Amino acid sequence: MRFALSNDLSELTTERLVLAAWTAEAVTAVLAAADAHAGGKAEHRPADWAADFPADGDCVIAQLLGGNPDWLGAYGHRLIIERCTGLVVGSIGLFWPPSEGVLELGYGVVASRQGRGYATEAATALAAFALSAPGVKSVVAGVELSNPASVRVLEKAGFERFETTHAEDGGELARYRMTAAPEHRQP
């Protein structure tokens, strides 16, 4: 997959998406929307959000970023923006810095935009970007096997399953890994 990278590394552009680094302003807006929603109040929603953004996972990420502002930046979490509409439709991120050369990847796309391949497109681009960073040897992600759509995202993005464990809830958790940029993998 090809992607373009802005000079300051804040945006990765793919065929249909822009992966823009979270900003302090975006964190504040998501947290305010979550607080308003939880309190049953009318929320001020930026015009560039899809109607169902932020999802629960986006609020969790905003809380983490709010408590760890040093996580904001080129190698951290990104908003997924639909190029054709300019709307924020999810988020994807790397848990930086790498631990022993390994980075964890997490992602989510709002329900109204699922099934369009956006998560796969975003995961492919961000993993390739991460693998080009100094000190990164692999990108990993975990997924519950009871979520076949998320399993397909990782498999289509070129991740390979390397571990399956039993979860506390009785389900199974699979771990996936990518160790080389997609254009350098052997068929």
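The values are calculated or read from the model by the stated rules, or taken from the named source; none is laboratory data. In this text, all values refer to a predicted model and were calculated from it rather than measured experimentally. FYI the Cβ positions are ideal-geometry reconstructions off the backbone, even for glycines, and counts take in every protein chain you see. The accessibility values were calculated without ligands, DNA or RNA, using every heavy atom of the protein model including side chains. Shrake-Rupley method; radii C 1.70, N 1.55, O 1.52, S 1.80 Å.
Against the empirical 2.2 N^0.38 Å scaling, what ratio does the C-alpha Rg of segment 116-182 come to?
Computed over Cα atoms of segment 116-182, the ratio equals 1.14.
If segment 49-118 were replaced by its equivalent ellipsoid, with semi-axes equal to the square roots of 5 times the Cα gyration tensor eigenvalues, what would those be, largest first, whole Å?
After scaling each eigenvalue by five and taking roots: 23, 13, 10 Å.
How about segment 1-77: which GluC sites (Glu not before Pro) there lie in a loop by DSSP and see at most 14 other Cβ atoms within 10 Å?
Within segment 1-77, the qualifying GluC sites (Glu not before Pro) (loop, at most 14 other Cβ atoms within 10 Å) are GLU15, GLU43.
On the accessible surface of segment 1-91, probed at 1.4 Å, how many percent belong to carbon and sulfur atoms?
Reported share for carbon and sulfur atoms: 55 percent.
Using only the heavy atoms of the protein chains and a 1.4 Å probe, how would LEU5, LEU131 rank by accessible area, largest first?
LEU5, LEU131
As a check on your grasp of the helix formula, calculate [θ] at 222 nm for the chain: sum -39500 (n - 2.57) over DSSP H runs of n ≥ 4, divide by the residue count, round to the nearest 500.
-8500 deg cm²/dmol
Go through segment 91-187 and name the GluC sites (Glu not before Pro) that are in a DSSP coil and have 11 or fewer other Cβ atoms within 10 Å of their Cβ.
GLU100, GLU168
Local charge sum around ALA29 (other residues, Cβ-Cβ under 12 Å, Lys/Arg +1, Asp/Glu -1)?
Residues near ALA29 contribute -4 overall.
How much space per residue, in cubic angstrom, does the convex hull of the C-alpha atoms of segment 67-175 take up?
132 Å³
Among (1) 51, 46, 31; (2) 49, 34, 30; (3) 69, 43, 29, only one was calculated for this model; which label is it, if the read-out is Cα extents along the principal axes in Å?
This structure yields the entry labelled (1).
For ALA38 paired with SER10, estimate the spin-label separation in nm (one decimal), with each label point 7 Å from Cα along the Cα-to-Cβ line.
The answer from the label model is 2.9 nm.
Under a 1.4 Å probe, what is the accessible area of segment 16-81 per residue, stated in Å²?
50 Å²
Would segment 1-98 count as rounded, prolate or oblate if I go by the C-alpha gyration tensor, calling it rounded below 1.5 in a/c and otherwise prolate when a/b exceeds b/c, oblate otherwise?
Cα axes put segment 1-98 in the oblate bin.
If you line up the long axis of helix 148-157 against the longest principal axis of the chain, both from Cα atoms, how many degrees apart are they, to the nearest 10?
60 degrees
Quick one: net charge of GLU144's neighbours, Cβ under 14 Å, K/R +1, D/E -1?
-1
Take ARG78, ARG45, ARG83, ARG175 and sort them by solvent-accessible surface of the protein heavy atoms, 1.4 Å probe, largest at the top.
Accessible-area ranking of ARG78, ARG45, ARG83, ARG175, largest first: ARG83, ARG45, ARG175, ARG78.
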